[in-house]
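What follows is a single structure, written as C-alpha cells, with notes after it.
The values are calculated or read from the model by the stated rules, or taken from the named source; none is laboratory data. Remember, it's a predicted structure, so these values are computed and weren't measured experimentally. Ideal geometry is used to build each Cβ from the backbone, glycine not excepted, and the neighbour counts take in all protein chains shown.
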Amino acid sequence: MIKRYGLLLAITMVYCLTFSQNAGKRYYQEIFTNVQSANYTYGRNAPVFGDSIDLTLDLYEPVGDKETKRPLIVLAFGGAFVTGDRTQLGEEAKYFARLGYVAACIDYRIWPILLAGFPDSTNISRVAVMAISDMKASIRYLKSRAGDFKIDSSLIFVGGVSAGAVTAIQTAYLDPKDSISTGLRTLINTNGGFDGNSNTIPGTSNVKGVLNLSGAIFNLNWISQGEAPIASIHGTNDATVPFLTDRAVGIITMNGSGAMAPVLSSKKIPNFLVAVPGGQHTDIYFDTKYKPYLDSFTLKATKMFADIIGGNILLDIQRQFNVEYKIYPNPATDHLSIESEKRPISVQLYNLEGQAMPVQVRDKNVYWNTSQIPQGLYYAVIHFDAFSPQVISKIVIQ
C-alpha cells in the first residue's frame, strides 16, 4: 500500500506545503462553515418530446460572506444523458461555497429513456447539444443577476461528472470557428445556434476553467490555443466514458481525458490529469482504495482554480511547457529511453483497455519483458515533477 501510493503522497505533500503558505486564504482553503442554498429558474425550453419545461438550478453560497464579487462555478450532473438531476453534485457545490465561491447545480434536458429507450449516436448528439444550450443559458442568467448574487462575471468556471463533464467540456471548447460536421451543425442551429435558446438573456458564456470528472470531448480538433485551463480525473479502465478514444456506452466515439491531455499541452493550455490506474467510471469517487487519487486531484484542482482567480496560473501550471523531452525508439521492442533535462519521477505504460503493463524504470530508461507485453499500441504516462501534469505519448511495441 505504501509503495503503491508513494508518488501520490509525495505530490500531496508538495501541494499541502503550498496550501500551508496560503493558510486561511480564500479559495485555497475552506474558510466558511455554513452554506445556504436557494432554487431559481434560469430558462425554459422544450425537452425531446412534449411541451416546454422550466429549467432550474440550486444556488449555494457561504453564510455571512461580505465579499461582493465572487467567482462562480456551474456544475452539471452525470447519467449518460438519460438520468440524473441537479442534487447529485450538491456536496461538491457546498465544498466550493465553503471555499468562498458561488456554486450552481443545474438541471438540464435529458433523453426520456422510459418513453423512447436508449438513444442512438444521433440522439446522444442531439441531447448533448440541448444540454450545452442549457448550461450556457444558466451562465447568462447568473451573469445577468451578478449584482444580486454577488458574482464576478469575469470569473466563471464550469464542471461536472460523466455526461455533465462532457457538457462542461463542450461548453468551454466548442465554438463556431471549429470544424464541425454538417449533421452536428444542423443540430446546433436547430437548437438556437451556439448560444442556444433556453432563454433570451443576452451575453456570453465564456469560462475561466473546467472541472472534468470522467468526461470527454467529441472532437480533439475543437481544442484551440488560448482556451480555458482544465483539471481532470479519470479511471484508466472506464468502460462508460473512455479514458482514451473509444465508443462511450458502446454508442458514440468520444475522446476521454487521456486523449485530451497531450492535445491540451500541445496547445499550451494549462491542464493536469490524475489518471487512476484500474479505475472505472464511478468507483474512483467512492472506493476507498482510490481515495489518495481523489484527494490529490481535489488539492490540485482547488489550487489551480485559486491561482486562476488570483492571476497566478502561470506560476505553477504552465511550468510544464518548459520540459522538453524525446521518447525513443518508437516503435520499440523491449525498452524506451527518455531524453530530457529532467529525470522522470514516474513512468507507466497502459494498453488501449487502460490496463497498466509491468515495466521497470531505471534512470531515464523503461524496460519490460517481451513475453509479458504483446505487440500493439500503448500509452506511456510520464511525470517529470510533482507540479507538472502527466505527459502522455503513444508508443508502438513490435
### Task
Pick out, from the range 2-117, the helices (runs of 4 or more DSSP H) lying fully within it that include 3 or more residues that are at pLDDT below 95.
6-21, 113-116
### Message
List the residue pairs whose Cβ atoms are under 8 Å apart, where the first residue sits in the range 86-110 and is closer than 15 Å to Thr298 by Cβ, the second is of a type in the set (Ser, Thr, Tyr) and assigned to a loop (DSSP other than H, G, I, E, B), and the two are 6 or more positions apart or on different chains.
### Response
Arg98/Thr33; Leu99/Tyr27; Leu99/Tyr28; Tyr101/Tyr27
### Message
Checking the conditions here, which among Ile327, Ile309, Ile317, Ile373 is aliphatic (A, V, I, L, M) and at pLDDT below 85?
### Response
Ile317
### Task
Just give me the residues in the range 142-163 being assigned to a helix (DSSP H, G or I) and either crowded, with 24+ Cβ neighbours inside 10 Å or within 22 Å of the chain's Cα centre (by Cα) (or both), in sequence order.
Leu142, Ala163
### Task
Inspect all residues belonging to the range 164-184 and state whether any of them is farther than 30 Å from Ser265 by Cβ and charged (D, E, K, R).
no
### Task
Any chance you could count how many residues in the range 354-372 are of a type outside the set (Ser, Thr, Tyr) and either part of a strand (DSSP E or B) or in contact (Cβ under 8 Å) with a residue 60 or more places away in the chain (or both)?
8
### Message
Report every pair of residues separated by at least 6 positions or lying on different chains whose Cβ atoms are under 9 Å apart, first residue within the range 296-308 and under 9 Å from Gly209 (Cβ atoms), second of a type in the set (Asp, Glu).
### Response
Met304/Asp316
### Task
Go through the range 60-85 and give me each residue that's free of Cβ contacts under 8 Å to residues at least 60 places away in the same chain, out of contact with any Phe, Trp or Tyr (no Cβ under 8 Å at 6 or more places or on another chain) and crowded, with 24+ Cβ neighbours inside 10 Å.
none
### Positions within the range 221-232 being in a strand (DSSP E or B) and touching a Ser or Thr at 6+ places or on another chain (Cβ under 7 Å), in sequence order
Ser232
